[in-house]
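No value in this document is a laboratory result; all are computed from the given coordinates. What you see is a predicted model, and the numbers here were worked out from it, not measured in a lab. Every residue, glycine as well, gets a Cβ built from its backbone with ideal geometry; the counts of neighbours run over all protein chains shown.
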Amino acid sequence: MVRLITHNLLACHAKGCTSNNFPLQFKDIQIELREAEFNPDFLRGFIPRIEWGALTDAARQLGDTSLPSEPPDMLDDDFLQKLHHVLLEIHVEEGAMVCPNCGHVYPISNGIPNMLLAEHEIG
Amino acid sequence: MPTAVTPVIVSDNPQIYEDAHVHAIYEEIAPHFSSTRYKPWPVIAQFLSSLPTGWIGLDSGTGNGKYLPLPLERPGSVWTIGLDRSRNLLGIARNAGGGEASREVVWGDVLGLPWRRGAFDYAISIATIHHLSTHARRKVAVQRIIESISPVHGRALIYVWAIEQDELSKRSIPSEQSDELNGQSKGQDVFVPWVLSQMSSKPKPSAKSSRTRSNGSGSTYQEEEAVSPSPEDNTTGTSEKPAVFNRYYHMFAQANELGLVIGSPHELRVESPDSKHIRNMTGIDIVQDGWERSNYYVEIRCWRK
């Protein structure tokens, strides 16, 4: 699956591509929404690990504009529910992710991203 | 009858060699292999249970994803993302643990680094690095794990197959493999057969052995291995003969060899001890290492002062 929790971690690793290689841009995607178990304790601990700008940009690309531009100081349930939905309930099933720096295309098929490189592309 | 492990000499380009003797085989045997891999090993379960809520981790070489749902006593308290070279195993891993929950899995190579550097809080790599066919490649794989985790607090646990097999193991190891005359044994490259019945992809008692292990806390668990009745029986099996797939393994010689792939202090980003800039000094400690039931393991922890 490519959910935004994973997208927030993925970066291009093609040969020579070491800067501006995050976040990957979605292209021609199909999404599915599936409920996941809400775990507020996990989210509270996880928030400092998020690249927030990349997450809100990606959420917008997927049509979700519910998150504020900065994480709020008060982590109330309403906010945590929105964050939960964005991180864990939007599944990108088909499409691709494109590196903003070198243009390398990482296909997504059946919800699994292909991050393999050809031998000549390995850094 | 014990599994016959046969010594091999790695030839060709290591990438092509691993494609043929590791990747292609796991693609083929994925469902059967997965059906025999369901019990987490205790040291690994314990490691995952010790993680703070909110941490995110990488399982490098996740296979069928059996560690992705852990810790079972606090489900969802951490997120482990599975990486594997076998697309067919990932198809199984995405639903690891059953139920409604789905896992995050990524198709990739343990020699790659498709992540923000240091993005993970922890990583595990279980029974994976021994499938790489040169010392240099095993070292790169460990380096990639270290680069994936936080240099400030990252933790990692790595398991590889040991040349010293326990008495319960059904594998027989040729005696010359334990030759340590020069005191610097370099391990052994071997083929380990996987027997796949042509009649069914499900495991059959007649084609397998099982062993019961004690985990030291009184409870027991089982791991099963396919057993080759005859290692020469290496056919694709058009009739009822089982197909035998010889998987490449590097059997690690001793914990020290695992230490060698972790690398020297310099490679571990440890700054010179006489540095005046004592602040922001980073390093990696080995928290524990040892041999457990036919495997060597090492747990590391990154730190910054």
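Other residues lying with their Cβ under 10 Å from the Cβ of residue A:96 contribute a combined charge of -1, Lys and Arg counting +1, Asp and Glu -1.
Pairs of Cα atoms nearer than 8 Å and 6+ residues apart set the relative contact order; for the stretch A:49-122 it is 18 percent. Is the shape of the stretch B:42-169 rounded, prolate or oblate, going by the alpha carbon gyration tensor and its root eigenvalues a ≥ b ≥ c, with a/c under 1.5 for rounded and a/b larger than b/c for prolate? Because its axes are fairly even, with a/c under 1.5, the stretch B:42-169 counts as rounded.
With the helix formula -39500 (n - 2.57) applied to DSSP H stretches of n ≥ 4, chain A reaches a computed 222 nm mean residue ellipticity of -7500 deg cm²/dmol. Among the GluC sites (Glu not before Pro) in the stretch A:1-47, those placed in a DSSP loop whose Cβ has at most 13 other Cβ atoms within 10 Å are A:35, A:37. Helix A:77-88 axis versus longest C-alpha principal axis of chain A: approximately 20°, rounded to the nearest ten.
Summary of the geometry: the stretch B:11-47 and the stretch B:52-118, compared by the centres of their Cα atoms, lie 15 Å apart.
Here the relative contact order of the stretch A:2-114, from alpha carbon pairs under 8 Å that lie six or more residues apart, stands at 41 percent. Only Cα pairs under 8 Å and 6+ residues apart enter the sum, and on that basis the relative contact order of the stretch B:7-140 stands at 26 percent.
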